[in-house]
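Accompanying notes for the structure given below.
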Amino acid sequence: MLNDLNTLSLTEPTTDTIAVDVTDIPLSLYIHIPWCVKKCPYCDFNSHELPIDSELSMYEEYVDALLLDAAMQQPLTQNRKIGSIFIGGGTPSLLPISQYQRLFSGLRTCFEFAEDIEVTMEANPGTLEHAPFAQYLKVGINRLSIGVQSFAADKLKVLGRIHDPVQALSAIRAAKAAGFARVNVDLMHGLPQQTMNEALEDIQMAHDAGATHISWYQLTIEPNTVFYRSQPILPDEDNLADIEQAGQSLLQQLGYSNYEVSAWAGASDKPCRHNINYWQFGDYLAIGAGAHGKVTICRNDSNSSDVKDKMKEDLLVASGIYRFSKSRLPKDYVVMNPDATEMSDIRQITPKMVGWQAIDQEELVSEFMLNALRLRGGVAWSLFGKRTGLTLDSIAEQVNSLVKQGLLVDSDTQLQPTILGQRYLNQILRAFL
C-alpha cells in the first residue's frame, strides 16, 4: 500500500513507484463556487445559501484564496497544459464578472492553457442577467451548462428552483444569441407525479430553445437532503423505465448521441471534454471549498530537474496516484494558517487541504472501472495500464468471466459494456471490488 501523507517519511527516499507516463495523462481543473440563493431539497452538493448580509469583499477574499490554491498546486501539473476547466457549485453565476476577470487573469499566469481549452460554467436561470453572457465569453468561458431541470412550473416549485419556465427558455436563447456555440441543459426525469408526456416535453423544449447538449438524468433521493427526510412520491419502477426508454428514443430522433449514462451530445456539439477526462481516469486539479482532485505523481527522469526540485520541495510525496480535498465551509477555506511558514506539509500551505490520500493499488482497478464503464463506447484496454500502472493480467479472470456472462464485449482492444452490461453496470463493478 502506498503511504498516506500522514505517515510518509519526509527525509528518506521512497521505493514506491508507478509505471505510468504522466505526460500522457490529460490534466483538467475544477473550480468550486459554493454559494446558492436557495438550497434545493434534492441537492447533496457542497453548496451554501448566500448570506443575507453578504458583501462584495466576500467574493474578493474567495478569489484570493482560489488563486493562492492554484499557485500552490502548480507543481502538480508536471509541465502539462490544462485541457479543460469546469466551474461548478453552488451557483457559479453568482460570482461577479469582475471577479471572473481577476480569477482567469491569475490562472493564466499560474497555468499554461491548451490552445483549444474547454471552459464550462454552470449557471442557474434564476440568477443570470442576460447582459453578461458576452462578457463570460470574453473572460474565456466557452461552454455553459444551464441547470433547468424542468420546464414545468409545478415541477420547478416542487424541486425548489428559483426560476420559472420563461426564465429557463430565455437563458438558453440569450446564451446562444450572445455567441455560445456550446450550451448544455440539465434536465431531470422521474420527478414527483411526472407523466411521460411531461418528461418528453422537457426534452423537446430544451432542443427547440437551442440546447446543443443535454444531460438527462433520473432524480435520486440522496442522504442529507430535505427530500431524504421527507420523501416525495415518485413514479414507480415500471413508469420510470417507460419514461427512460421513451426519452432515450426521442433524444436519438432529435439527433443526440448518448456517449455516457446521462450525457447526450447534439449533432452540432461534441462530448464534454472535462467529464470525459473524469471517466477516462485522467488527472484533475481542484480549487475551492469542498473541491476534490486527483493527480498522478511520477518522479522519474522524464520530469525536468526544475519540476522534480519543486515537487521535492513543495509536495514531499512519493510517486503514486493521489486524491485530495478541500475544507467544505467557505469561511474555513479562505482562512490560512498564519503559522505555516515552512514548506513542511502541503496541507498547511494551501487553503485548508483536509485530505491527501494515495489510492491503494487494490482500489485502482475498481476506481478505473467505475469511471470507464459509464462510457457507452468504453475505452481502449491500453488506457487501463496507462492510467493505473497495472497490467491486464491482474484482472484477466474477472474480465473473462464477464465476457462469458455477456456483460462485456469480447475484444482484445476495447473495454466496453454490452447492451446487457449497460443495464447491469453494478454487477460488472462488483466483479472488480
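Suppose we filter S145, S98, S105 for residues that are of a type in the set (S, T, Y) and closer than 30 Å to C298 by Cα; which single one remains? Answer to the selection: S105.
Taking the stretch 408-424 as the range and being under 12 Å from G378 (Cβ atoms) and assigned to a helix (DSSP H, G or I) as the test, the residues that pass are G421, Q422.
Is one or more of the residues making up the stretch 330-352 under 19 Å from the mean Cα position of the chain (by Cα), at pLDDT below 95 and either under 29 Å from V261 (Cβ atoms) or among the polar types (S, T, N, Q) (or both)? No, the conditions are met nowhere in the stretch 330-352.
Yes or no, residue by residue, for (1) out of contact with any Lys or Arg (no Cβ under 8 Å at 6 or more places or on another chain); (2) farther than 29 Å from R143 by Cβ; (3) at pLDDT 95 or above:
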position	(1), (2), (3)
I203	yes, no, yes
T225	yes, no, no
L240	yes, yes, no
L251	yes, no, yes
S257	yes, no, yes
W264	yes, no, yes
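Looking at (1) in contact with a Cys (Cβ under 9 Å, 6 or more places away or on another chain); (2) farther than 18 Å from A181 by Cβ; (3) at pLDDT 95 or above, find the lone condition where F113 falls short. For F113, the exception is condition (1). A count restricted to the stretch 43-68 and to residues that are assigned to a loop (DSSP other than H, G, I, E, B) and under 27 Å from P26 (Cβ atoms) stands at 2.
Restricting G378, G385, G406, G421 to residues that are surrounded by 18 or more Cβ atoms within 10 Å (Cβ to Cβ), more than 30 Å from M58 (Cα to Cα) and either over 20 Å from the mean Cα position of the chain (by Cα) or at pLDDT below 90 (or both) narrows the list to G421.
Please indicate, with yes or no, whether at least one residue in the stretch 138-161 is free of Cβ contacts under 8 Å to residues at least 24 places away in the same chain, in contact with a helix residue (DSSP H, G or I) (Cβ under 9 Å, 6 or more places away or on another chain) and open to solvent by less than 50 Å² (accessible area, probe 1.4 Å). Yes, the stretch 138-161 has at least one match. Considering every residue within the stretch 46-53, establish whether at least one is modelled with pLDDT of 90 or more, more than 30 Å from T220 (Cα to Cα) and acidic (D, E). No, the conditions are met nowhere in the stretch 46-53.
Answer yes or no: is there a residue in the stretch 177-191 that is under 28 Å from F133 (Cβ atoms), assigned to a helix (DSSP H, G or I) and either hydrophobic (A, V, I, L, M, F, W, C) or touching an Asp or Glu at 6+ places or on another chain (Cβ under 6 Å) (or both). Within the stretch 177-191, one or more residues are under 28 Å from F133 (Cβ atoms), assigned to a helix (DSSP H, G or I) and either hydrophobic (A, V, I, L, M, F, W, C) or touching an Asp or Glu at 6+ places or on another chain (Cβ under 6 Å) (or both). Among the residues of the stretch 71-94, those identified as crowded, with 21+ Cβ neighbours inside 10 Å and of a type in the set (A, V, I, L, M, F, W, C) are L76, I82, I85, F86, I87. Out of all the residues in the stretch 389-399, is one or more in contact with a Gly (Cβ under 8 Å, 6 or more places away or on another chain), open to solvent by 40 Å² or more (accessible area, probe 1.4 Å) and not in a helix (DSSP H, G or I)? So far as the stretch 389-399 goes, yes, one or more of its residues are in contact with a Gly (Cβ under 8 Å, 6 or more places away or on another chain), open to solvent by 40 Å² or more (accessible area, probe 1.4 Å) and not in a helix (DSSP H, G or I). In summary, F368 fulfils each of the numbered conditions (1) surrounded by 19 or more Cβ atoms within 10 Å (Cβ to Cβ); (2) out of contact with any Phe, Trp or Tyr (no Cβ under 8 Å at 6 or more places or on another chain); (3) under 19 Å from T296 (Cβ atoms); (4) not small (G, A, S) with the single exception of condition (2). The residue pairs whose first member lies in the stretch 258-272 and is of a type in the set (V, I, T), whose second member is open to solvent by 30 Å² or more (accessible area, probe 1.4 Å), and whose beta carbons are closer than 7 Å, counting only pairs six or more residues apart or on different chains, are V261/R374.
Among the residues of the stretch 120-127, at least one is under 25 Å from Y322 (Cα atoms) and either surrounded by 19 or more Cβ atoms within 10 Å (Cβ to Cβ) or of a type outside the set (A, V, I, L, M, F, W, C) (or both).
With a requirement of 3 or more residues that are in contact with a Pro (Cβ under 8 Å, 6 or more places away or on another chain) and closer than 30 Å to Q231 by Cβ, the strands (runs of 3 or more DSSP E) lying completely within the stretch 69-159 that satisfy it span 143-149.
Applying the criterion of being touching a Lys or Arg at 6+ places or on another chain (Cβ under 9 Å) and of a type outside the set (D, E, K, R) to the residues of the stretch 99-119, the residue that is surrounded by the most Cβ atoms within 10 Å (Cβ to Cβ) is V119.
The values are calculated or read from the model by the stated rules, or taken from the named source; none is laboratory data. The structure presented is a predicted model; accordingly, all values stated were derived computationally and were not measured. Note that each Cβ is placed from the backbone with ideal geometry, even for glycine, and that neighbours are counted across all protein chains shown. When the accessible area is computed, the model is the full protein with side chains, heavy atoms only, and any ligands, DNA or RNA have been set aside. Shrake-Rupley method; radii C 1.70, N 1.55, O 1.52, S 1.80 Å.
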